[in-house]
1. Only counting other Cβ atoms within 10 Å, I'd like Leu234, Leu190 sorted with the fewest neighbours first.
2. In degrees between 0 and 90, to the nearest 10, how far off the longest principal axis of the chain does helix 75-89 point, with axes built from Cα atoms?
3. How large is the helix-only mean residue ellipticity at 222 nm for the chain, computed as the sum of -39500 (n - 2.57) over DSSP H runs with n ≥ 4, divided by its residue count, in deg cm²/dmol to the nearest 500?
4. To the nearest 0.05, how large is the calculated FRET efficiency for Lys126 and Arg229 if R₀ is 41 Å and r is the Cβ-Cβ distance?
5. Which three extents, in angstrom, do the Cα atoms of the chain have along their principal axes, listed largest first?
6. Quote to one decimal, in nm, the extra length available between Ser20 and Ser36 on full extension: 0.36 nm per residue of separation minus the C-alpha distance between them.
7. Could you work out how far the C-alpha centroid of region 115-143 sits from that of region 195-244, in angstrom?
8. For Asp102, what charge total do you get from the other residues with a beta carbon under 9 Å from its beta carbon, if Lys and Arg give +1 and Asp and Glu give -1?
Amino acid sequence: MSQPNDLLAVLIDADNVPPSRIAAVLAEVARFGTASVKRIYGDWTKPNLSSWKPVASEHVIQPMQQFGNTIRKNATDSALIIDAMDLLYTRRFQGFCIVSSDSDFTRLASRIREDGVTVYGFGERKTPEAFRNACDRFTYLDVLEEPAAENTSAAVTRVPSPKLRGDAKLVSGLRTGVASASGEDGWANLSMVGQLMRKQQPDFDSRNWGYAKLSDLVRATELFVVEVRPAGGLQVQNRKKSVD
């Protein structure tokens, strides 16, 4: 989906994202390409955004001032959407990173994708499903580790095998992915399975269950066999039930 030299526009909703998470978000963004534009939107005259100011400066994120001219309308969201469309029309970017937990950006994400441009969403677990599904890929903030953090414990506790097997949506998605990607020998490219999963569930990420890699998650279900492919990479197939 993404290439290391892809140009990305990172647009941040300051009202819906804690500043403590932005370093981890930008580290994740770097996996998908180069953040050539980084902007953060909010009413910077309000005291509730004061903690964002040093963080934005540290990460060279351009603060975009938007006064709250009305009480019920979210002027910040409107400013972000207008800027996103202006940037889209330049045809310079291969991807947009929308950092927010707000459903107001659902149509924006859909519109960008209509132009064949990839949308990466980042937000909290409370993010509405509509916005998550409107993105090509959606990542929860709590699964991202700080770049400078000690490699001590995972951000999310690993879900044990019995609970993984009891997760009907996860198991069904994996089985469908394996069936769709498998060849005549029953083996499927694990990477392809992951891609198929994300197409169906943009917020699918092995880290949601506490596993750093997809292979670790699949193995932990104890429902599949994962092996090294002869040509490189990993392959997976359904584990055959033992016959007594």
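1. On the way: Leu234 19, Leu190 23.
Fewest to most other Cβ atoms nearby, the residues stand as Leu234, Leu190.
2. 70 degrees
3. Working: 9 runs with 83 residues, N = 244.
Helix-only estimate at 222 nm: -9500 deg cm²/dmol.
4. About 0.60, to the nearest 0.05.
5. So the three principal-axis extents are 72, 38, 33 Å.
6. On the way: separation 16, 0.36 × 16 = 5.76 nm, distance 2.14 nm.
3.6 nm is the gain from fully extending Ser20 to Ser36.
7. The two parts, judged by their Cα centres, are 22 Å apart.
8. On the way: positive: none; negative: Asp13, Asp15, Asp77, Asp104.
Within the 9 Å Cβ shell, the charges total -4.
None of the figures in this text is laboratory data; all of them are computed from the coordinates on show. In this text the structure is predicted, and so the values were computed from the model without any measurement. A quick note on method: Cβ atoms are made from the backbone with ideal geometry, for glycine too, and the neighbour counts reach across all protein chains shown.
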